[in-house]
Amino acid sequence: MVLGDQAYDRGAWANRIGESEPGVGYLFGEGVREPLRVRASWVPDEAIKALERFVTAPSPDPARRPAPVLPFRPGTPALPAGGAA
């Protein structure tokens, strides 16, 4: 098992994750003995396709321009290059 030999004994029961629970898993925090059950975000393919159709569809009102992209507020710290927050 990826989490280690004693993970199951401590409560990481991966065999109890059902087919209807996509994105569920276990992890260990640093210095924590008990596993934490987590669920990652999951978006169905059809929802992603619907969002793509919405975003790429022509505007019903050609006179309407897209909203401008505003800069960050002064003093907002920048993210490090190549990574997320």
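The values are calculated or read from the model by the stated rules, or taken from the named source; none is laboratory data. Everything numeric here is computed off the predicted structure, so don't read it as measured data. All Cβ positions, even for glycine, are placed from backbone atoms using ideal geometry, and neighbour counts span all protein chains on display. Areas reflect the complete protein model, heavy atoms only, side chains present, ligands, DNA and RNA absent. Shrake-Rupley method; radii C 1.70, N 1.55, O 1.52, S 1.80 Å.
Looking at the chain, identify the longest residue range that excludes and avoids all trypsin sites (Lys or Arg not before Pro) in DSSP loops having at most 16 other Cβ atoms within 10 Å.
Details: sites that count: ARG33, ARG64.
The answer is 1-32.
For the chain, the longest principal axis of the Cα atoms and the long axis of helix 45-56 meet at an angle of about 20 degrees. Placing unit charges on the Cβ atoms only, positive for Lys and Arg and negative for Asp and Glu, gives the range 1-59 a dipole magnitude near 120 debye about its Cα centre.
Once the 1.4 Å probe is applied to the protein heavy atoms, the chain comes out at 94 Å² accessible per residue. Positive-end ranking of TRP42, THR56, PRO66 along the dipole of the chain, with charges on Cβ about the Cα centre, is headed by PRO66. What a 1.4 Å probe finds exposed on the chain is 59% carbon and sulfur by accessible area, rounded to a whole percent. Which of rounded, prolate or oblate describes the chain when judged by the alpha-carbon gyration tensor and an a/c cut-off of 1.5? Because a/c hits 1.5 or more and a/b fails to exceed b/c, the chain counts as oblate.
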